[in-house]
Ligand code: ADP
């Protein structure tokens, strides 16, 4: 039995009856049923049917159960034959034995069919579950009661019409049939289902003893059972049957359902055998058969009591386990949710109609500049403005709209944050399911700080505007000059000198455009190019730049401590600064440039490019580093991008740059810092 059985993976699923033993098993059952009549045969027995066969009432049901048998089958034939043999052995004459055999067979089949119908979730009757709920016990008891009642009625009625069977009319005889079969069926079937389920389920199996009970308690409970039964059956002149129930209650309440059923089985057999042997409180009744009948009802009672208590406890335990599991799941889910929400870069807020803040994450506090003040008891209300500076009314706010049921997607608003100033936020708001307990609407708010993106976008737009403007100017000039050339050509008297002059203007405009485009490219790459730092000899680069610009004689350089920087970018810095120093001199004056450098602290080297040119007006000293800002735009050509490129490169290296007046009087000093190589 049990070989190759799947574990009860899906409880409560009916799969129809299954065969657990083969035909050989059926034959064995038939032999055991017939043979047990021999063993328990009693000559002075006055009842009918199966003699005192024990536990014949349950055994054939287990047989049909394990075989997964159908009504028209070899099992029915074998069962009928075994029942006939048993009744003949028990001493009934042929007619009576045949009638009883039919009644016994019908009784077994009614029981099996009812059990398959009512207890189809249980192992052996189509399901995979053990007897584990009081409802199972009630259904099992009802099915067996009904089947036994059918068998008893059939047997009694048929026997009444057979000649020489007047004994069958006695109510005690019918009661005996009913009691014996019911008690046996309750004990044997329950034990078989529990045992079968345990053997069929995959390890690890739950403790046979029971989860709470220790081995010592089991020993004490067994001793207690022996002691109470010993006392009750030894001193049979005293009505000491009632303490016997205590042992059943003990086993039902403390040990596993299987162990409790086994206990009921053992004490049931013991009770029957002792009563049959004329011992104990039940044998003491004047009429032996009446006493035996009472003993059978006692056995049925302890079987049901034990099962009811054990399954009641099992059900309670299962509910408690479910509850604990649900609580653990809830705690896990809550911690998971908190971790996810907490680690989000976006601010998350859940607000209800009353302004109560139900959920918030750290990012929300950070974005709104409220830090820990944003507790859950804070009344939430966020004043906000449009990008044009118009304050949003209550009705226009994303929160209010989401609370009304509207979904707001990525709206840009300005909020005022203490100590920071204005922040541009991208807000999305989604209506959430209503809080039915408090009858309030709820909304989820997602906040993203897009201040930097917004500033960049604005800068980019301004940048594009300037670029467009600066490119348009030389383009317009080229247009103008070429048009004039065309006009001159049309008249057919183009003066060569004039033409040369026009062409040179066109070329100068196109050069300006080319330079602007070059600077724009340099500006774009100075920020995005990955830094490839190494040891850089600043003095060497100064000489290189000067000779490339053919101003070697005008530039002097003192040795500068080596810096740790990107040599290509350092060259770009020096090229811009030396280029400016050469360019920004008064007309007719010769530029004179000196480069020097020294270590300023543990980390940095300061480099100074000193000139004696026209100098930077004090008001422009900061702003010349901004894109397109020019202090001398009329007199000198340029894009206004050089110094902004220089500042970007220096800042990317962790340094700073400043334009200072030359302390010698005329000109300026451009002073920048870079990381020292040996720092
Ligand atoms: P550009 O030289 O193309 O105009 P820059 O960004 O290099 O652009 O310089 C910005 C402005 O700073 C220049 O227009 C000029 O007015 C001023 N400037 C830069 N370098 C010097 C310098 N060495 N002496 C005087 N003014 C300078």
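The values are calculated or read from the model by the stated rules, or taken from the named source; none is laboratory data. All of these numbers come straight from a predicted model, not from anything done at the bench. A quick note on method: Cβ atoms are made from the backbone with ideal geometry, for glycine too, and the neighbour counts reach across all protein chains shown.
Here's a check for you: in the stretch 542-556, which residue that is within 23 Å of residue 676 (Cα to Cα) and surrounded by fewer than 22 Cβ atoms within 10 Å (Cβ to Cβ) is nearest to the ligand (Cβ to nearest atom)?
556
Among the residues of the stretch 522-532, count how many are within 21 Å of residue 676 (Cβ to Cβ) and assigned to a helix (DSSP H, G or I).
First pass over the stretch 522-532, keeping only residues within 21 Å of residue 676 (Cβ to Cβ): 531-532.
Subsequent filtering for residues that are assigned to a helix (DSSP H, G or I) retains none.
Selection size over the stretch 522-532: 0.
Quick check on residue 359: is it assigned by TED's automatic domain parsing to the domain that holds residue 416 and either outside any helix (DSSP H, G or I) or in contact (Cβ under 8 Å) with a residue 12 or more places away in the chain (or both)?
Values: assigned by TED's automatic domain parsing to the domain that holds residue 416: yes; either outside any helix (DSSP H, G or I) or in contact (Cβ under 8 Å) with a residue 12 or more places away in the chain (or both): yes.
When the stated conditions are applied, residue 359 passes them.
Can you tell me which residues in the stretch 194-204 are surrounded by 12 or more Cβ atoms within 10 Å (Cβ to Cβ) and part of a loop (DSSP other than H, G, I, E, B)?
Step one: of the stretch 194-204, the residues surrounded by 12 or more Cβ atoms within 10 Å (Cβ to Cβ) are 194-201.
If the condition is that a residue be surrounded by 12 or more Cβ atoms within 10 Å (Cβ to Cβ) and part of a loop (DSSP other than H, G, I, E, B), then 201 is the only one that fits.
Let's see how each residue does on (1) assigned to a helix (DSSP H, G or I); (2) modelled with pLDDT under 90:
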{"residue": "269", "(1), (2)": "yes, yes"}
{"residue": "273", "(1), (2)": "yes, yes"}
{"residue": "281", "(1), (2)": "yes, yes"}
{"residue": "286", "(1), (2)": "no, yes"}
{"residue": "293", "(1), (2)": "yes, yes"}
{"residue": "296", "(1), (2)": "yes, yes"}
{"residue": "302", "(1), (2)": "yes, no"}
{"residue": "306", "(1), (2)": "yes, no"}
{"residue": "311", "(1), (2)": "yes, no"}
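Given 621, 603, 634, 647, which one is within 11 Å of the ligand (Cβ to nearest atom) and over 19 Å from residue 581 (Cβ atoms)? If you could, list the steps in order and put the result at the bottom.
Values: 621 fails: over 19 Å from residue 581 (Cβ atoms); 603 fails: within 11 Å of the ligand (Cβ to nearest atom); 647 fails: over 19 Å from residue 581 (Cβ atoms).
When all the criteria are applied, what remains is 634.
Looking at (1) touching a residue at least 24 places away in the same chain (Cβ under 8 Å); (2) in a helix (DSSP H, G or I); (3) out of contact with any strand residue (DSSP E or B) (no Cβ under 9 Å at 6 or more places or on another chain), which is the only condition residue 590 fails?
(2)
Among the listed residues 356, 328, which satisfies the condition of being surrounded by 14 or more Cβ atoms within 10 Å (Cβ to Cβ) and out of contact with any helix residue (DSSP H, G or I) (no Cβ under 7 Å at 6 or more places or on another chain)? So that I can check it myself, show each step before the final result.
On the way: 328 fails: surrounded by 14 or more Cβ atoms within 10 Å (Cβ to Cβ).
Matching residue, one of 356, 328: 356.
Regarding residue 535, is this residue exposed (fewer than 13 other Cβ atoms within 10 Å of the Cβ) and either in contact (Cβ under 8 Å) with a residue 12 or more places away in the chain or in a helix (DSSP H, G or I) (or both)? Give the steps one after another, and end with the answer.
Numbers: exposed (fewer than 13 other Cβ atoms within 10 Å of the Cβ): yes; either in contact (Cβ under 8 Å) with a residue 12 or more places away in the chain or in a helix (DSSP H, G or I) (or both): yes.
So residue 535 passes the test.
Listed residues 253, 261, 270; which is within 23 Å of residue 300 (Cβ to Cβ), in the same structural domain as residue 304 (by TED's automatic domain parsing) and without any contact (Cβ under 8 Å) to a residue 60 or more places away in the chain? Before the answer, list the steps.
Details: 253 fails: without any contact (Cβ under 8 Å) to a residue 60 or more places away in the chain; 261 fails: without any contact (Cβ under 8 Å) to a residue 60 or more places away in the chain.
Of 253, 261, 270, the one residue that is within 23 Å of residue 300 (Cβ to Cβ), in the same structural domain as residue 304 (by TED's automatic domain parsing) and without any contact (Cβ under 8 Å) to a residue 60 or more places away in the chain is 270.
Taking residue 569, is it part of a helix (DSSP H, G or I), more than 13 Å from the ligand (Cβ to nearest atom) and surrounded by 19 or more Cβ atoms within 10 Å (Cβ to Cβ)?
Numbers: part of a helix (DSSP H, G or I): yes; more than 13 Å from the ligand (Cβ to nearest atom): yes; surrounded by 19 or more Cβ atoms within 10 Å (Cβ to Cβ): yes.
When the stated conditions are applied, residue 569 passes them.
Report whether or not residue 563 is within 60 Å of the chain's Cα centre (by Cα), more than 11 Å from the ligand (Cβ to nearest atom) and within 16 Å of residue 659 (Cα to Cα).
So residue 563 fails the test.
Suppose the filter is surrounded by fewer than 20 Cβ atoms within 10 Å (Cβ to Cβ), within 60 Å of the chain's Cα centre (by Cα) and near the ligand (Cβ under 7 Å from one of its atoms); does residue 629 pass it?
On the way: surrounded by fewer than 20 Cβ atoms within 10 Å (Cβ to Cβ): yes; within 60 Å of the chain's Cα centre (by Cα): yes; near the ligand (Cβ under 7 Å from one of its atoms): yes.
Spelling it out, residue 629 is indeed surrounded by fewer than 20 Cβ atoms within 10 Å (Cβ to Cβ), within 60 Å of the chain's Cα centre (by Cα) and near the ligand (Cβ under 7 Å from one of its atoms).
Please state which of the following conditions residue 639 fails to meet, knowing it meets all the rest: (1) surrounded by 17 or more Cβ atoms within 10 Å (Cβ to Cβ); (2) within 13 Å of the ligand (Cβ to nearest atom); (3) more than 60 Å from the chain's Cα centre (by Cα).
(3)
Name the residues in the stretch 572-587 that are buried (at least 18 other Cβ atoms within 10 Å of the Cβ) and part of a loop (DSSP other than H, G, I, E, B), would you?
As a first pass, look at the stretch 572-587 and keep what is buried (at least 18 other Cβ atoms within 10 Å of the Cβ): 572-578, 580-582, 584-585.
584, 585, listed by residue number.
If a residue has to be within 11 Å of the ligand (Cβ to nearest atom) and either touching a helix residue (DSSP H, G or I) at 6+ places or on another chain (Cβ under 8 Å) or at positive phi (or both) to count, how many in the stretch 577-592 make the cut? Step through it out loud before you land on a result.
Step one: filter the stretch 577-592 for residues within 11 Å of the ligand (Cβ to nearest atom), giving 577-586, 591.
Still in the running and either touching a helix residue (DSSP H, G or I) at 6+ places or on another chain (Cβ under 8 Å) or at positive phi (or both): 577-580, 582, 591.
Residues that pass the stated criteria total 6.
Counting residues that are touching a helix residue (DSSP H, G or I) at 6+ places or on another chain (Cβ under 7 Å) and at pLDDT below 90, which strands (runs of 3 or more DSSP E) fully inside the stretch 401-483 reach at least 2? Give the steps one after another, and end with the answer.
Values: elements: 408-417, 421-435, 440-449.
Fully inside the stretch 401-483 and qualifying: nothing.
With respect to residue 595, is the statement that it is closer than 30 Å to residue 510 by Cβ, over 60 Å from the mean Cα position of the chain (by Cα) and either more than 9 Å from the ligand (Cβ to nearest atom) or crowded, with 19+ Cβ neighbours inside 10 Å (or both) true?
Details: closer than 30 Å to residue 510 by Cβ: no; over 60 Å from the mean Cα position of the chain (by Cα): yes; either more than 9 Å from the ligand (Cβ to nearest atom) or crowded, with 19+ Cβ neighbours inside 10 Å (or both): yes.
The answer is no for residue 595.
Consider the stretch 606-618. How many of its residues are more than 8 Å from the ligand (Cβ to nearest atom), touching a residue at least 24 places away in the same chain (Cβ under 8 Å) and assigned to a loop (DSSP other than H, G, I, E, B)?
1
What are the residues in the stretch 598-607 that are more than 24 Å from residue 523 (Cβ to Cβ) and buried (at least 18 other Cβ atoms within 10 Å of the Cβ), if any? Full working, then the answer.
Taking the stretch 598-607 as the starting set, the residues that turn out to be more than 24 Å from residue 523 (Cβ to Cβ) are 598-606.
The answer is 604, 605, 606.
Identify the single condition in (1) more than 13 Å from the ligand (Cβ to nearest atom); (2) in contact (Cβ under 8 Å) with a residue 24 or more places away in the chain; (3) in contact with a strand residue (DSSP E or B) (Cβ under 9 Å, 6 or more places away or on another chain) that residue 652 does not satisfy, given that it satisfies every other one.
Here residue 652 clears every test but (3).
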